[in-house]
Amino acid sequence: MQRPRFSSCLLVILVFFLLAGLTGLVLFWWGKGDLMLGDKVGVVEVRGLITDSRPTLEKLVRFRDDTRIKALVLRVNSPGGAVGPSQEIMREVEKIKKSKKIVASLATLAASGGYYVACAADLIMASPGTATGSIGAIIKLTNIEQLVKKLGVEVYSLKAGALKDLGSPFRPLTPEEQAVIQKMLDDIHRQFIQDVARNRRLSEDKIRAVADGRIITGEEAQKFGLVDEMGNLEDAIEKAGRLGGITGKVEAVYPEKKGFSLLRFLWGQDLEESLSQLALPYPEPAYLPPWFR
């Protein structure tokens, strides 16, 4: 009597672990997005300040290499951010469109670096009231020299190189330093104009006419040639699907969520992501609207 009962218990345990293992495997692949059937449109979001390109690049590359993803939508809701990361994302969009169609969907705000990352897409869509444009570069420095003096604090800098402490907050900028910073900003501004002109297939003169840092609406941007069509996110997904050759119902896929995090559960997002959206970590040239920071 003991042996049949033991065998039954063992069988139940084995079945339990088998089902648990299969469930875990299904959930794992579901989280990876690999259970999706049929052709899809991959949606990658760029939100908040652009300070690190890596998360966005990883999502773009994953969708680029997935044969079931026939086209991509880059959903942008950002005031811009640091120059380097904005340029890196834009370059990846340029590479992706050689093999897959990619549509940029501009949300509430896609200004400066936010527009920069979108300009390389095959097609750009926005709402009439979307705040975009702001093609320019800016750097904001702080001078706390008088405050330090009132506090009775003395600051010493030892340097090798005449401009090594360029932008020090403890003294005014010299005319030479202002000229150096202005030259750098002018160069970064030129790069912005050239990249937009190349990707939008417009003359640099036409881009330069609106590249004074001004914010414009999506409706105005279409008149200047910076936006192709009016439409929301669903319109962009539908458009991308058709451009990618999907004939039936167009369905979107978003990158998998990260593993469970108590902080994310309570806060809604990672602490690192939250902090990165507060401000750039240190004074540096940025593709940002003039009123930001």
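The values are calculated or read from the model by the stated rules, or taken from the named source; none is laboratory data. Source: prediction; values computed, not measured. Note: ideal-geometry Cβ built from the backbone for every residue, glycine included; neighbour counts use all protein chains shown.
Could you please give the count of residues in the range 173-206 that are in contact with a Leu (Cβ under 8 Å, 6 or more places away or on another chain) and either of a type in the set (A, V, I, L, M) or touching a residue at least 40 places away in the same chain (Cβ under 8 Å) (or both)?
5
Any idea which of (1) modelled with pLDDT under 95; (2) in a helix (DSSP H, G or I) is the one E256 doesn't satisfy?
Here E256 meets the rest and fails (2).
Of the residues K101, K150, K97, which single one is touching a residue at least 60 places away in the same chain (Cβ under 8 Å), over 16 Å from the mean Cα position of the chain (by Cα) and surrounded by fewer than 24 Cβ atoms within 10 Å (Cβ to Cβ)? So that I can check it myself, show each step before the final result.
On the way: K150 fails: touching a residue at least 60 places away in the same chain (Cβ under 8 Å); K97 fails: touching a residue at least 60 places away in the same chain (Cβ under 8 Å).
Result of the check over K101, K150, K97: K101.
Regarding S86, is this residue among the small types (G, A, S) and more than 19 Å from P255 (Cβ to Cβ)?
Details: among the small types (G, A, S): yes; more than 19 Å from P255 (Cβ to Cβ): yes.
It is true that S86 is among the small types (G, A, S) and more than 19 Å from P255 (Cβ to Cβ).
Mind counting the residues in the range 45-59 that are acidic (D, E), under 11 Å from V83 (Cα atoms) and not in a loop (DSSP other than H, G, I, E, B)? It would help to see each step written out before you state the result.
Here is the first cut: in the range 45-59, the ones acidic (D, E) are 45, 52, 58.
In the following step, the residues that additionally are under 11 Å from V83 (Cα atoms) were identified as 52.
From what's left, not in a loop (DSSP other than H, G, I, E, B): none.
So the count comes out to 0.
Can you pull out the residues in the range 118-127 that are more than 12 Å from A236 (Cβ to Cβ) and either in contact with a strand residue (DSSP E or B) (Cβ under 6 Å, 6 or more places away or on another chain) or small (G, A, S) (or both)?
Going through the range 118-127, the residues more than 12 Å from A236 (Cβ to Cβ) turn out to be 119-120.
Correct list: A120 only.
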